[in-house]
Amino acid sequence: MAVWIQAQQLCGEALHQMQALYGQHFPIEVRHYLSQWIESQTWDTIDLDNPQEEFRAKRLLENLIQELQKKAEHQVGEDGFLLKIKLGHYANQLKTTYDHCPLELVRCIKHILYTEQRLVREASNSSSSGGGLLDSMSQKHHQINQTFEELRLMTQDTENDLRKLQHNQEYFIIQYQESLRIQAQLSSLSALPPADRLLREQTLQNKRTTVEAWLTREANTLQKYRLDLAEKHQKTLQLLRKQQTIILDDELIQWKRRQQLAGNGGPPEGGLDVLQSWCEKLAETIWQNRQQIRRAEHLRQQLPIPGPIEELLNDLNGTITDIVSALVTSTFIIEKQPPQVLKTQTKFAATVRLLVGGKLNVHMNPPQVKATIISEQQAKALLKNENTRKIKRSDRRGAESVTEEKFTILFESQFSVGGNELVFQVKTLSLPVVVIVHGSQDNNATATVLWDNAFAEPGRVPFIVPDKVLWPQLCDALNMKFKAEVQSNRGLSEENLVFLAQKAFSSSSINPEDYRTMTMSWSQFNRESLPGRNFTFWQWFDGVMELTKKHLKPHWNDGAILGFVNKQQAQDMLMSKPNGTFLLRFSDSEIGGITIAWVAENPNKAGERMVWNLMPYTTKDFSIRSLADRISDLNHLLFLFATASSDSSNANTYMEHASSPAVGHSQTYSIYPASGDPMLDADGDFDLDDTMDVARHVEELLRRPMENYSEKTPKETDIGFGDCCMYQKQVKGFYVVVETIC
């Protein structure tokens, strides 16, 4: 690979060292535009200490100046005019500088090439161990940029060949017209006297023979030039197609996959600037080659010469048109997806983008974009080029519900490029959306979207997803969603996932390996209720996320909430701890509920201890009174049994460590007094004087019959702790209408 191509990828200090090699003594523009020629010369064979080598050095200087002048002459257009002047200036500058000392030019270029090779070699070695040449750029992106440089040089080379062909053909036509003139003169000799005619005829025939011989040779030369140019264009188009495949089928598809996972809470898909720059480079290179092929076709039509060139040019023109068509239609994308759960009679926003619009001058004629919602069946028909009709719900299969039915937003547009030379009809489909009519359907609709985003495969038929997936795959999706919804760095630990597996599969195993090869079907996920419950696995998990997001986020983040622990595990953990130790766990029996379990004496049996459980608190309860306030009302809750925080800056000072006897051995649990609690003084001890009134009130409430305080039916509790507050607060809902943009 050319040294100059690699040198352009240098960064940091290596780049500064490379730039310092150039100046008025040898401009960097000369190195850039004559890179191939410079690297093909035999600079190393010249002995700088031998004065006799000055002749060879002089020849190299003259050739360098000629190459610069030739490069300057080939520049056209507004930008080419400025470059033409600059390159001509550099040619004169180098001649003035080195005309009397050409060996110094050789010395200068040898030093430049040696230093560049060293810098590239050092950077390549360091990149293999994790740094250097590529810096933050991936190896694949580096290769893409190198290929673009190769394409630029190949396109520049065919442009030079095309101009040479055009020049030779124009001269050929002049000579051909000269042969016609000679033939006309010969035809007119019959009117002359015999003596004059014989003399003139011999001269003209000799001249005609010479011209026709030259025309025959030059016709063969022109045909060879045409075939050679077509062969070069074939190689360029092969590399172009390969480069386009990498960018569209790899990089763009990966971006779309990241966008899909971002809908589940994955990391942002990233900006499109790099992809757009690549697509614009593709568009520019494709268009340049297309124009070259059309000019070659025009030259052939101007001067037809029998041979295979006509068929070759037709093939090249068809290939380049296919390439540009694939580029344009594939780069019409949705930058901002519409919401994947759409409620009827609401507006939404989405953004579409054409990644090659800038280079193909689409902005000169702004297109109109049409957005239509279509069904899954209509999307399938669209890909088969069948007609699509007005949106309607399809016949659902078996137990499939409304919230399992997928739709998509079809974005369509039409625009022309190259001055209406080519007209494109472009279409793109959004990620699947689920249409609901009531907020109560949001939970199940979100499950459909989650499953589709997580497990859809690239290039699928709309919108097929596997009916069952491996448990570890589902764990990744649930963890991603949980962290995004709760906006927490504390995700689901291995112990949490074992708990979820136990719930999902009705299993008692605490070994994570037992679940590695198990699969979970969509029906198990959100169609069939959990054993003994009236809700599905997803509905329970989604309730936990909603509760944590709205009311428990800081407590989850600092590790105060164990959460994913069942009733028996809580009892096993607490029975070995001092009285007054409590933990917070998500309710097994109620969607979006959290309960408090603590260990204390059994009032009915002296000397015996037992674990007590409060009736679960829900969002409704916390909208009236916070978790911290509710805990502060209970004076027998002394020590919190919690897990080590994932954020050490928020971690409390732990007093005692214990491992869970029922979940596993790798997670560390701790007991610590609840901080920031109004029942504790500055040293973390109870201040009875300040809390006796509250304690007496709570004790009195606990002694009363539970039905006096709540209409709820306890589902898993030993003690009913109802609505103790003397007031309620209602919050009216609202929604924001966002205008649709296209």
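If packing is taken as the average count of other Cβ atoms within 10 Å, what order do 106-112, 543-549 fall into, highest mean first? Kindly include the intermediate steps, with their values, before the conclusion.
On the way: 106-112: 17.4, 543-549: 20.4.
Per-residue mean Cβ counts within 10 Å order the peptides as 543-549, 106-112.
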Ratio of Rg to Rh over the range 275-384 (Cα coordinates, Kirkwood Rh, two decimals)
1.15
Solvent-accessible ranking of K95, K232, K242, largest area first, probe 1.4 Å:
K242, K95, K232
Taking Lys and Arg as +1 and Asp and Glu as -1, residues besides E269 with C-beta under 9 Å from its C-beta add up to +3
Rg/Rh for the range 28-118 to two decimals, with Rh computed the Kirkwood way over all alpha-carbon pairs.
1.00
In nm, what is the difference between 0.36 nm times the number of residues separating H142 and R257 and their Cα-Cα distance?
39.2 nm
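What FRET efficiency do you get for A213 and D99 if R0 is 45 Å and r is their Cβ-Cβ distance, rounded to the nearest 0.05?
Details: r = 42 Å, r/R0 = 0.93.
For R0 = 45 Å, the calculated efficiency reads 0.60.
Cβ under 12 Å from L312's Cβ, L312 left aside: what net charge do those residues give with Lys, Arg +1 and Asp, Glu -1?
Details: positive: R226, K232, R300; negative: D228, E231, E297, E310, E311, D315.
My count for the surroundings of L312 gives -3.
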When the Karplus curve 6.51 cos²θ - 1.76 cosθ + 1.60 is applied with θ = phi - 60°, which whole-Hz ³J(HN,Hα) does each residue of the range 207-221 get, with x for Gly and Pro?
5, 5, 4, 5, 5, 5, 5, 5, 4, 5, 4, 5, 5, 5, 5
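On a 23 Å Cα-Cα criterion, which of the cross-link pairs K406/K481; K164/K281; K164/K224; K110/K232; K336/K550 come out too long? The partial results should precede the final answer.
On the way: K406/K481 20 Å; K164/K281 26 Å; K164/K224 12 Å; K110/K232 31 Å; K336/K550 26 Å.
With Cα atoms farther than 23 Å apart: K164/K281; K110/K232; K336/K550.
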Could you give the length gained on full extension between E54 and S509, defined as 0.36 nm per residue of separation minus the Cα-Cα distance, in nm?
155.2 nm
Rule-of-thumb check for the range 469-558: C-alpha Rg over 2.2 N^0.38 Å?
1.08
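Given N residues in the range 273-312, what is Rg(Cα) / (2.2 N^0.38 Å)? Show your work: numbers first, answer last.
Values: Rg = 15.0 Å, N = 40, 2.2 N^0.38 = 8.9 Å.
So the Cα radius of gyration is 1.68 times the expected 2.2 N^0.38 Å.
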From the phi of every residue in the range 241-254, what ³J(HN,Hα) in whole Hz does the Karplus formula 6.51 cos²θ - 1.76 cosθ + 1.60 yield, where θ is phi - 60° and glycine or proline is x?
5, 5, 5, 5, 4, 4, 6, 7, 8, 10, 5, 5, 5, 5
Against the 2.2 N^0.38 Å rule of thumb, the C-alpha Rg of the range 47-93 sits at a ratio of 1.50
Could you tell me the calculated FRET efficiency between N579 and D629, based on Cβ-Cβ distance and R0 = 25 angstrom, to the nearest 0.05?
0.60
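Which order do peptides 205-217, 556-568, 604-616 fall in by mean Cβ count within 10 Å, highest first? Mind showing how you got there, number by number?
Details: 205-217: 13.2, 556-568: 21.2, 604-616: 15.2.
Descending packing order for the listed peptides: 556-568, 604-616, 205-217.
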7 Å from Cα along Cα→Cβ at both K336 and N385: what's the point-to-point distance in nm?
3.5
For a protection proxy built on the mean count of beta-carbon atoms within 10 angstrom, sort 328-341, 42-55 highest first, please.
328-341, 42-55
Please work out whether the range 25-184 counts as rounded, prolate or oblate from its C-alpha gyration tensor, where a ≥ b ≥ c are the square roots of the eigenvalues and a/c under 1.5 means rounded, while otherwise a/b larger than b/c means prolate and anything else oblate?
oblate
Taking the range 160-271, how much of its Cα-Cα pair set, in percent, is spaced more than 23 angstrom apart?
62
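The values are calculated or read from the model by the stated rules, or taken from the named source; none is laboratory data. Quantities reported herein were computed from a predicted structural model and do not represent experimental measurements. Glycine gets a Cβ as well: all are built from the backbone with ideal geometry, and neighbour counts include every protein chain shown. In case anyone asks, the SASA skips ligands and DNA or RNA and just uses the protein heavy atoms, side chains included. Shrake-Rupley method; radii C 1.70, N 1.55, O 1.52, S 1.80 Å.
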